[in-house]
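What follows is a short report on a single structure.
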Amino acid sequence: MNEMTLTWNGPDLLDVAEVRRADGDLLGLDASGGISCVDLQSMKVTLLGKVALPEPVVEDTGAFWMLPRWRIQASADGAFAAVVFDGGRHGLVIDLDCFETTMHLDGGDYHERTVPFSACFIPVNGRAVLVHRTSWNRLDASDPRTGRLLTERGPTRYENDQRPPHYLDYFHGQILANPSGSRLFDAGWIWQPVGVPRIFDIASWLGSNVWECEDGPSVKWLGLRDECNFPACWIDDDHIVLGGMGDWDDEEFETVAAPPGVRIVDVRQEADVPTRKLHMEAEPRELFTDGRLLFASHGTDTSAWSLESDECVKVIEGFAVTHLHRHRKALLEVKPRQLRAIST
């Protein structure tokens, strides 16, 4: 394996996001609000600018095992970045070419500490669109250039004790678009609380049915589980990997105890079709895939699994993957003072 290490000399590194820019292929967010571009080949770091990171209000950090933290998302071309706080309600969008804030994000103040801040960029007709939570039970899509709302629709919350049409009793959490941007995975929860991973069709939502996210025909629940904060990653447009192998017991209303591992779901199949399961020695904390191998972080080590044979083909000891850089085909381990990259 080829490995490169970058010692981070500035304020602590908080998070990174893959991009393709002339000055590098990785954005880094640091504790001072600095956003830098890193060239993973030369390991050159270029500071693009700084944003104000307000001190977040964190309550009950154990709720749903939520890890409160600042996170950065980026459009694929590196033109825009979204800086959000998992477990909080606020974020912002920056046009990186002129380094100006184009949007102030507000995910709502209702149990926001239980979930990551829902935000991701998707490509739509060659242009970046930001999908983001605007209330506990509402997702919207906006043009990151201007902040223009692309999913204008009626109320999604009770008004004057009246339940609105298309009401969705669901707390949106982590959202992940599949590789082509045609489907959105949403790891949220409903009252008990119970985690309910679900998917829906993005093209229908943005093109023909503005209520597709709430109750459109493409919405599919991928089962129930005790928790909503679990690792997940898309393999391709039709298959997604979900951390945890336990099945749901309707009578006991809980997840049946199971060995550590993951399940691989074909989202084209009906919900009651058995899913493929892959047993691991320890529960994964992070999951990534290049379509050929599945990489699982177990806290201190990373295991690599063949998606063809379901066998563990390698364990990288002393390296806990936190990100996958698809273009560079590299696993990344991001720490406050160090960035390590290992070729896959």
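The values are calculated or read from the model by the stated rules, or taken from the named source; none is laboratory data. Please read these numbers as outputs of a predicted model, since none were measured by experiment. When we count neighbours, we look across all protein chains shown, and the Cβ atoms used for this are built from the backbone with ideal geometry, even at glycine. Accessible surface is based on the protein model in full, side chains and every heavy atom, while ligands, DNA and RNA are left aside. Shrake-Rupley method; radii C 1.70, N 1.55, O 1.52, S 1.80 Å.
With every protein chain left in place, what is the accessible area per residue of the chain in square angstrom, probe 1.4 Å?
Per-residue accessible area for the chain comes out at 46 Å².
Taking the chain as a Gaussian network, Cα atoms linked when under 10 Å apart, which of 34, 147, 318 shows the biggest mean-square fluctuation?
Checking each option, the largest mean-square fluctuation is seen for 318.
What FRET efficiency comes out for residue 92 versus residue 279 if R0 is 35 angstrom and r is the Cβ-Cβ distance? Round to the nearest 0.05.
Efficiency, rounded to the nearest 0.05: 0.25.
Can you compute the helix-only [θ] at 222 nm over the chain? Use -39500 (n - 2.57) per DSSP H run of at least 4 residues, normalise by all residues, nearest 500 deg cm²/dmol.
Details: 2 runs with 10 residues, N = 344.
One gets -500 deg cm²/dmol as the mean residue ellipticity at 222 nm.
What's the carbon and sulfur percent of the chain's accessible surface, probe 1.4 angstrom, rounded to a whole number?
Roughly 48 percent of what the probe reaches on the chain is carbon or sulfur.
Give me the dipole magnitude in Debye, nearest 20, for the stretch 188-239 about the Cα centre, with unit charges on the beta carbon: positive for Lys and Arg, negative for Asp and Glu.
The calculated dipole for the stretch 188-239 is roughly 160 debye.
Please name which of 287, 42, 222 has its Cα lying farthest along the dipole of the chain towards the positive end, using unit charges on Cβ (Lys, Arg +1; Asp, Glu -1) and the Cα centre as origin.
It is 42, whose Cα lies furthest towards the positive end.
Towards the positive end of the charge dipole of the chain, with charges on Cβ (+1 Lys, Arg; -1 Asp, Glu), say which of 68, 147, 255 has the farthest Cα.
In the chain, that residue is 147.
Based on DSSP loop calls and a cut-off of at most 14 other Cβ atoms within 10 Å, the longest stretch of the chain free of exposed GluC sites (Glu not before Pro) is what? Working shown, then result.
Details: sites that count: 59, 152, 251, 252, 270, 281, 308, 311, 317.
In the chain, the maximal stretch lacking such sites is 153-250.
Suppose R0 equals 30 Å. What FRET efficiency, 1/(1 + (r/R0)^6) with r the Cβ-Cβ distance, do residue 266 and residue 327 give to the nearest 0.05?
That pair, residue 266 with residue 327, gives E of 0.70.
Karplus couplings for the stretch 16-21 from phi (6.51 cos²θ - 1.76 cosθ + 1.60, θ = phi - 60°), rounded to Hz, Gly and Pro as x?
Whole-Hz 3J(HN,Hα) from phi for the stretch 16-21: 9, 8, 6, 9, 10, 10.
At a Cα cut-off below 22 Å, give the lysines reachable from residue 44, other chains included and same-chain residues fewer than 8 away excluded.
329, 335
Which whole-Hz couplings ³J(HN,Hα) result when phi for each residue of the stretch 127-135 is put into the Karplus expression 6.51 cos²θ - 1.76 cosθ + 1.60, θ = phi - 60°, listed in order with x for Gly and Pro?
Using θ = phi - 60°, the values come out as 10, 6, 10, 9, 9, 8, 7, 10, 6 Hz.
Would you rank 220, 50 by solvent-accessible area, highest first, keeping every protein chain in place and using a 1.4 Å probe?
50, 220
With only Lys, Arg, Asp and Glu charged, each at its Cβ (+1 for the first two, -1 for the last two), find how big the charge dipole of the stretch 100-207 is about the Cα centre; round to the nearest 20 debye.
260
Can you compute the FRET efficiency between residue 238 and residue 4 using 1/(1 + (r/R0)^6), with r the Cβ-Cβ distance and R0 = 41 Å? Round to the nearest 0.05. Please report the intermediate quantities before stating the final value.
Numbers: r = 34 Å, r/R0 = 0.82.
With R0 = 41 Å, the Cβ-Cβ based efficiency is 0.75.
So how much accessible area does residue 211 have, in Å² to the nearest 10, using a 1.4 Å probe?
Near enough 40 Å² of accessible area.
Under a crude label model (7 Å from the Cα following the beta-carbon direction), how far is residue 251 from residue 190 in nanometres?
In this crude label model, residue 251 to residue 190 measures out at 2.2 nm.
Per residue of the stretch 188-194, what does 6.51 cos²θ - 1.76 cosθ + 1.60 with θ = phi - 60° give for ³J(HN,Hα)? Whole Hz please, x for Gly and Pro, Karplus curve as stated.
x, 8, 10, 4, 4, x, 9
Using heavy-atom solvent-accessible surface (probe 1.4 Å) with all chains present, what is the largest-first order of 323, 279?
Correct descending sequence by accessible area is 279, 323.
Hey, can you grab everything whose amide H is under 5 Å from the amide H of residue 69? Only 5+ residues off in sequence or another chain; H modelled, so Pro and N-termini drop out.
86
Mind putting a number on the dipole of the chain about its Cα centre? Charges go on the C-beta only, +1 for Lys and Arg and -1 for Asp and Glu, and I need it in Debye to the nearest 20.
Here the chain has a charge dipole of around 1140 debye.
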